[in-house]
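The values are calculated or read from the model by the stated rules, or taken from the named source; none is laboratory data. It should be emphasised that the depicted structure is a prediction, and the values quoted were computed from it without experimental measurement. Don't worry about glycine lacking a Cβ; one is built from the backbone with ideal geometry, like all the others, and counts go over all protein chains shown.
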Amino acid sequence: MTIKCIENQKVEGKYFLIDHPSGIKIYYYPMPGKSKSAAMIATKFGSINREFKKYKSDEWMTVPDGIAHFLEHKLFEGPQGNAFDYYAKTGAKANAYTSNDRTVYYFITSDHFYDSLDILLRFVKHPYFTPENVEKEKGIIGQEIRMYDDEPTWQGYISLLQALYVSNPVRIDIAGTVESISEITDEMLYDCYKVFYNNANLTLCIAGDLDIEKIIEICDRQLPVEESDPIVQRIAEEPHKINNTHCFKHMDVSKDLFFIGIKDNDVNLTGAEWAKHELSVKILQMLLFGESSSFFKRLYQSGLINSDFSADYENGVGFGLLLFAGESDQPEKVLCEIKKICAEFSETMISEEDFRRIRNALYGDMIRSLDNAESLVNKFVSHRLMGGDVFSLIHAINDITVNDIVTVGKSLLSTDQIALSVIKSKESGDQE
Amino acid sequence: MRITYHPIFTNNFKFNSYTLNFLMPLTEENATYCALLAQVLKRGCRKYGEMDQIVGVLESLYGASVTISSDKVGENLSFTVQCYCMDDRFAVEGEEVLGPVLDVLAQLLMHPMTEKGVFRADFVEQEKINHADLIRSMINDKRVYSMIRCKEIMFADSTYRFTGSGTLSCLQTITPESLFEFYQNLLQNSSLLISYIGRKIDLCSYTQHYFPELCQGKDLPVVVSDFVNVKGAKCVEESYDVAQGKLCMGYRFEKDTDYFATRLFNVIYGGSPTSKLFSHVREELSLCYYCSSAIDPFVHSMFISSGIEFDKYEVAKKEIMAQLDDMKQGKISDEEFENGKIYLMDYILGMQDLHGALLSDALRNHMLHITEDIQGQINRIQNLRKEDIISVANCLQLDTVYFLKGNGE
C-alpha cells in the first residue's frame, strides 16, 4: 500500500491518495477544525451503461432501463435490516443517487465517523437481493417515477436531452419506466453488481478532521482483495448532430418553461485537458450569458426572461451541454437571441478585463467549495470520474487565457447543435 | 430601531457572511411589499449602477454574493439582506474583500435608484409583472403547492395563511410611491438582527461605517401565536392533472410545549430517515415515495407531507395516524428514542460548519427567546426523557387533512 500527499498551499488544502491493496483508490482530504466529515463511494455505473459483458464471461447482457438506479435502492438492504437502521445508531445522514454515468453512496456526520464508514463499506460490498425484496422495491420506485412525471422541470430537461441526443443513452430517464423496471430480477442485479461494483471500478473520497490510520484500518477490514476483470461494454456512438430542434409537452404550469441546450461534442477529454475545457466553457457561458452580460440585461429588461433564468454547463462521461432554463411567454424568441449570440460570436466579444473578472469569480467559487466536507467529496468524486482531482480546476485557472475561451467559443457555439424544449401551460396553444 | 448583534467569530471558514434581518409581523401587505421591494432594490443603486454592473463588481470581488429576500418565519416576516464573500487571506493580490462587498450591500439597501423622490417606475412595473408570475408559478410544484393549500385551510383565521410572497390582489395596488413609503418605514420601524460569521472584526464599527442611517425608530415585537383548540378536523380534496396524489396533514400542539421535546418528537415520528413514518409507511408498507413531518414552533404546529397513489389515500392516512397513536400510547422503543437523540445532536453539532444553518438558528433563537448555545442545546436534548416525547404526542390534535388528487378520480 502506498500513501501519497498532494498539497496546494494557495488554497490551504491537501489530500492523501491511498492505493489500497483491495484495488480501491482512497482519497482523504483533512479539514482541521471542522465538525462535519463526509465519505462518498462511487461506481462508474449509471443509466448510460446498458450493454456489457458479464463478469469473467464472454456473454453480453443488455439491461432494462433504470437498473443502475434500482440497484442503488437495493444496496441499502441487508439480511439483518436496512442501512438506515445502522446509520441511526451513529446519527449520520446517509443517502445515495444515480445519474447518467455514476452511482454514489455517501454519509455526512458530526460524530461516529468511523462506525458510519464501516456501515457504508459493509453495505456497498455486501449486496442482498432476493426475489421478494426486488418485487417490493418496484412499488417504491414506481412511486418515485410517478413523482418525476409530475415535475415540470425534470420533464422539460429530459425532453431536451432527447432532442439533443440521437443515440447516447443519456437521453433515457435515469429511473427507467414502470414497464422497464418490471423486468428487473435479483439475478440481473447480481450480474450488474459483479461487473460494476468491483473494487477496481470504485472510488472512495473522504473529508473531515479525521485520523488516516483509523480510516485505513476500517478499509482493511471491509474491503477484501478482489480479482478485477476489465469492463467490456458498448455505449452507442453519438453523431455530431441533433435529433430534433424543438419539442414540447403540456403540463399544469402557470407559464411556459423553456430548456434550451447547445450540445458540446468535445466530450472525450480527461484530466488536465478536461479541466481546461470545463473551465473555458464556464467562463464563456458567464461572459456571454451571465447576469453581468449585455445579453442578460437586454432580455431581462425586455421581459423575455425573469430572475428564474439560469445558464449552466452540464457534463459527465461522454456528454456535455450548455443549458439555459427559465420561464417566458416567448421561448422561441429566447432561442433566437441565443442563436444570434452563437452566430455573431468572435474574439472581439471577449475583453481581457471581462475575462479577468469572471476568472476571479470562479476562483472564489472554488475556494468556497473546499470549505464544506459534503460539497468537497462530491466535487472530488466528479473530478475523479473525469480523470482529474479536487485541485484540477484550480490548476487550470492559473493557466487559462482569453485565447482558450475564444477557441472553445468557436467550436461550441454552433447554431445547428441547439434545441428547445418547452413545458407549455394549459393556456398556450399547440403551435410552435 | 433596536439592533441586536449576533457575531460568530471563527477562522473555521474560508469565507465570511454578514446578514441583516428586518423583522415585522406577517400580513398580506407586509409580505407582498417586502417581496416586491427585494426585487426592486436588486435592480440598481446610485453608486454602482444597474444589476449587470453590480453583478460585475461582485464578480471582481471573487464571486461574492449579495441577496435580498423576504421569508416567512411563523407569523412574522424577515426581510433579509445578506452577503457572502471569500476571506481576504485568499485574495490573489492581498486586497481587501469584505469591506468592498459590504459597501455594495449598503449601497443597494440604502441608496437605491430613484426618480422624483421614489423608486423608478419602470423597475417597479417590471418587477410587479415578474412577481405576479412567481406567485402564479407556485402551482407548478405540487409537493410545495399542496402544503401551501393545507396551511391556507388550517390557518384561515391567521395571517399564517399567507405565503412569504404575498398575494396578487395586494400586488396590483402597489405604486412606486407606496413602495417607497413602505421601504422608508421598514428602515425605521423594524426589529433588526445583524449576524456575522467569519474572522474577527469590530462588528459595531463596521455596521456604523457602512450603515450609519440604521439608527432610530420603533421596535416591533415578534409574534408568537396562541394555541387554537381544534373542533373537529377539516378535510379538503382538490383535483389537478397529476400522476401522483399529495396528502398533507396539519396538527396543532399546545403553546407551552417544550421546544426541544417537540424537535425530538418530530425526529422520531417523521423528521428523519429512521423515523416511524419513513421506516413503516414508506419502507415497510411501500405506501408512498416520501412521507415526512416538520414542526413550525412559531405556530405550534406539525405538518405531514406525502406522495401517494390516489387509491392509497385512506390506507396511507390511517397508517400515518396509527404511528402517532402508537407514540401517544408510549410505543417508542429505547432504540428509537436514543437514535432520535443521536440524530438531533449530530444535526446541531454539524451546524457549526454551515453558515446557513447557523444563521437560521440565530434568527429562530432570537425570535423564540431561546438562549442556549450549541452546547446548551445538546444538554437540553440529552436530558429529555421518553415521557417528554409521549406528552408531546398526546397534546397533538389533528386540524386539517388536504388531499390533492388526479382528475377523474
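Observations on the structure shown:
- Residues satisfying the stated conditions in segment A:74-89, i.e. at pLDDT 95 or above and not charged (D, E, K, R): A:Leu75
- Test: residue in segment B:379-396 that is in contact with a helix residue (DSSP H, G or I) (Cβ under 8 Å, 6 or more places away or on another chain), surrounded by fewer than 21 Cβ atoms within 10 Å (Cβ to Cβ) and within 30 Å of B:Phe22 (Cβ to Cβ): yes
- Residue match in segment A:387-404 (condition: surrounded by fewer than 20 Cβ atoms within 10 Å (Cβ to Cβ), of a type in the set (Ser, Thr, Tyr) and within 14 Å of chain B (Cβ to nearest Cβ)): no
- B:Asp122 assigned to a helix (DSSP H, G or I), of a type outside the set (A, V, I, L, M) and modelled with pLDDT under 95: no
- Within segment B:44-58, residues that are within 8 Å of another protein chain (Cβ to nearest Cβ) and touching a residue at least 24 places away in the same chain (Cβ under 8 Å) sit with their Cβ atoms under 9 Å from residues that are buried (at least 21 other Cβ atoms within 10 Å of the Cβ) and part of a helix (DSSP H, G or I), at 6+ positions apart or across chains, in these pairs: B:Leu58/A:Ala361; B:Leu58/B:Val101; B:Leu58/B:Val104.
- Residues of segment A:115-148 that turn out to be touching a strand residue (DSSP E or B) at 6+ places or on another chain (Cβ under 7 Å) and either among the small types (Gly, Ala, Ser) or at positive phi (or both), as a count: 1
- Number of residues in segment B:262-291 that are out of contact with any helix residue (DSSP H, G or I) (no Cβ under 7 Å at 6 or more places or on another chain) and more than 10 Å from every other protein chain (Cβ to nearest Cβ) equals 2.
- A:Arg368 under 20 Å from the mean Cα position of the chain (by Cα), within 12 Å of chain B (Cβ to nearest Cβ) and of a type in the set (D, E, K, R): yes
- Of the residues making up segment A:86-127, those that are in a strand (DSSP E or B) and more than 11 Å from chain B (Cβ to nearest Cβ) are A:Ala96, A:Tyr97, A:Thr98, A:Thr103, A:Val104, A:Tyr105, A:Tyr106.
- The single condition among (1) at pLDDT 95 or above; (2) touching a Ser or Thr at 6+ places or on another chain (Cβ under 8 Å); (3) of a type in the set (Lys, Arg) that B:Lys128 does not satisfy is (2).
- The residue list A:Ser421, A:Ser375 contains one member that is closer than 30 Å to A:Asn244 by Cβ and either assigned to a helix (DSSP H, G or I) or polar (S, T, N, Q) (or both), which is A:Ser421.
- Matching residues in segment B:138-180 - criterion: being within 14 Å of chain A (Cβ to nearest Cβ), out of contact with any strand residue (DSSP E or B) (no Cβ under 7 Å at 6 or more places or on another chain) and of a type in the set (S, T, N, Q): B:Asn140, B:Ser165
Quick grid of which residues meet (1) within 14 Å of another protein chain (Cβ to nearest Cβ); (2) out of contact with any Leu (no Cβ under 8 Å at 6 or more places or on another chain); (3) without any contact (Cβ under 8 Å) to a residue 60 or more places away in the chain; (4) surrounded by fewer than 21 Cβ atoms within 10 Å (Cβ to Cβ):
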| site | (1), (2), (3), (4) |
| --- | --- |
| A:Arg146 | yes, yes, yes, yes |
| A:Gln155 | yes, yes, no, yes |
| A:Leu164 | no, no, no, no |
| A:Ser167 | no, yes, no, yes |
| A:Gly176 | no, yes, no, no |
| A:Thr185 | no, yes, yes, yes |
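- Residues that are buried (at least 19 other Cβ atoms within 10 Å of the Cβ) and outside any helix (DSSP H, G or I), drawn from segment A:346-366: A:Ile350
- A:Ser293 vs. criteria among the small types (Gly, Ala, Ser), crowded, with 19+ Cβ neighbours inside 10 Å and facing chain B (nearest Cβ under 10 Å): yes
- Pairs linking a residue in segment B:99-114 that is charged (D, E, K, R) to a residue that is surrounded by fewer than 23 Cβ atoms within 10 Å (Cβ to Cβ) and not in a strand (DSSP E or B), with Cβ atoms under 7 Å and 6 or more positions apart or on different chains, are B:Asp103/B:Tyr210.
- Count of residues meeting criterion [touching a Gly at 6+ places or on another chain (Cβ under 8 Å) and part of a strand (DSSP E or B)] in segment B:102-119: 1
- Condition check for B:Gly74: small (Gly, Ala, Ser) and modelled with pLDDT under 95: yes
- Within the option set B:Leu109, B:Leu41, B:Leu36, being under 26 Å from B:His209 (Cα atoms), within 14 Å of another protein chain (Cβ to nearest Cβ) and modelled with pLDDT of 95 or more holds for one residue only, B:Leu41.
- Counting only helices (runs of 4 or more DSSP H) that sit completely within segment B:306-409, those holding 2 or more residues that are of a type in the set (Lys, Arg) correspond to B:313-328.
- When B:Val66 is tested against (1) within 14 Å of another protein chain (Cβ to nearest Cβ); (2) assigned to a strand (DSSP E or B); (3) out of contact with any helix residue (DSSP H, G or I) (no Cβ under 6 Å at 6 or more places or on another chain), only condition (3) is not met.
- Residue in segment A:54-67 that is outside any loop (DSSP other than H, G, I, E, B), within 14 Å of another protein chain (Cβ to nearest Cβ) and touching a strand residue (DSSP E or B) at 6+ places or on another chain (Cβ under 7 Å) present: no
- Only a single criterion out of (1) closer than 16 Å to B:Asp325 by Cα; (2) surrounded by fewer than 23 Cβ atoms within 10 Å (Cβ to Cβ) is not satisfied by B:Lys255, namely (1).
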